[in-house]
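See structure below.
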There are 2 protein chains.
Amino acid sequence: MPDFTPTPRSRVKRLNQRALYDTETVHRLIDEIGTGSVGYVIEGQPYVTPTLVWREGERLYWHGSSASRMLKTVRGGVPVCVNVFHLDGLVLARSGMHSSVNYRSVSLFGNAALVEGDAAKEASLKAFLDRFVPGRWDDLRPVNQQELKATMVVSMTIEEASAKVRTGHCADDEEDYALDIWAGIVPIRTVIGEPESDPRNKPGLTPPAYLDTVAIG
Amino acid sequence: MPDFTPTPRSRVKRLNQRALYDTETVHRLIDEIGTGSVGYVIEGQPYVTPTLVWREGERLYWHGSSASRMLKTVRGGVPVCVNVFHLDGLVLARSGMHSSVNYRSVSLFGNAALVEGDAAKEASLKAFLDRFVPGRWDDLRPVNQQELKATMVVSMTIEEASAKVRTGHCADDEEDYALDIWAGIVPIRTVIGEPESDPRNKPGLTPPAYLDTVAIG
């Protein structure tokens, strides 16, 4: 599988020792994090819309209502940038200058297209739910045609991608290590909580075991 | 304090019963969440850069290296959209259609400008650190002029803003409540972990008490 080749659009300018362009890293970050910020342009004005994203092979997917401005715009094949990001910690140095954050970030560039046809759309929605709540789709009341019509799924071939990851402690100026200042990391984690049952559930229903497999962030 | 007036740029199109334009909500979401996705345009191509954001009065701030492409672009006064978002839970309905997510989101529109002058820049950086690690700034080795030069701070008057918040359980089709399908919420939370000390700390240094006040997400 070929890796991504940075161009002026996707090449990381700042701290490029943190930059990664290999397919495995790009795909892994998308698969781990699960949230994305979709950037698009309407008449020169940028917009950023947050959404859940998932991947099938070389393509990034997201979905929404057929009435969504974001989806109506990006389905037209305009240039799109999707940033997938997770903040992993505050890195507290002995100076402001070297204080930093740990994070995982990947920017994905391409042009989105509609997933067309009820069967393809339904398969995508199943893949979506399987990403976030594996096993859930098969438990649900089947989707109907009216619901499919009200839902839009788009996908984007990832033409270019650049990932940027920071881990570990600060890199302070050498002389600052002698200062009596505590330095370290304040970790930040996304945690999946205990399921809260809908008060309108039928008596006797309990949270399904597959909820333990939910992984985001 | 006047609230934000939605225009075609900022009016929430979809599920507009979730939309909020009042200043108090917009400011509260910025202050709570702390991360933002900065959207900007270079020659028709959208870019989205994640960063930490903070607020002083009516203005949104963020910072970075003077070499940052994002900052070099937005300091020119071009239109910017910053989305501040937190995913709060998966809302599992009895149908795919009514499955949803709980979240807090606010999109902020304006034009960014450089914070100019060493004193103003330093005051902004102090405000930044006070937002994320209250009390930290005063512990640090003082910033020097070379470091200030290497750092860029921008601020943006929030000209327009629209917030969108979803909480609570699903709203299923009435007949689906009779189905033997568990429904509920899988909460998603950002958790601040225990501080990890830099192995190069001087002996005897312990994590400062103000780390307990870190709040993000």
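The values are calculated or read from the model by the stated rules, or taken from the named source; none is laboratory data. Note that this is a predicted model, so its numbers are computed, not measured. A quick note on method: Cβ atoms are made from the backbone with ideal geometry, for glycine too, and the neighbour counts reach across all protein chains shown.
Going through segment B:96-136 one residue at a time, which ones are small (G, A, S), closer than 28 Å to A:V82 by Cα and in contact (Cβ under 8 Å) with a residue 24 or more places away in the chain? Once the filter is applied, which keeps residues that are small (G, A, S), closer than 28 Å to A:V82 by Cα and in contact (Cβ under 8 Å) with a residue 24 or more places away in the chain, segment B:96-136 yields B:S99, B:S100, B:S105, B:S107, B:G110, B:A112, B:A113. Every test in (1) in a strand (DSSP E or B); (2) touching a residue at least 40 places away in the same chain (Cβ under 8 Å); (3) of a type in the set (A, V, I, L, M, F, W, C) is passed by B:I30 save one, and that test is (1). Screening B:N144 with (1) crowded, with 19+ Cβ neighbours inside 10 Å; (2) over 24 Å from B:H86 (Cβ atoms); (3) free of Cβ contacts under 8 Å to residues at least 60 places away in the same chain gives one miss only, at (1).
Test B:P208 against the criterion of being under 33 Å from the mean Cα position of the chain (by Cα) and over 13 Å from A:I181 (Cβ atoms), and give yes or no. Judged against the criteria, B:P208 is not a match. On inspection, B:D88 passes the criterion of being among the charged types (D, E, K, R) and in a strand (DSSP E or B).
Checked against (1) surrounded by 15 or more Cβ atoms within 10 Å (Cβ to Cβ); (2) farther than 18 Å from A:S10 by Cβ, B:V48 passes all but condition (2). Just one of the listed residues (B:L29, B:L52, B:L87, B:L20) is within 30 Å of A:V153 (Cβ to Cβ), at the interface with chain A (Cβ under 9 Å from one of its Cβ atoms) and either in contact with a strand residue (DSSP E or B) (Cβ under 6 Å, 6 or more places away or on another chain) or of a type outside the set (S, T, Y) (or both), and it is B:L87.
Considering B:A171, B:A119, B:A112, the condition of being modelled with pLDDT under 95 and either over 30 Å from B:T206 (Cα atoms) or more than 21 Å from the chain's Cα centre (by Cα) (or both) is satisfied by B:A112 alone.
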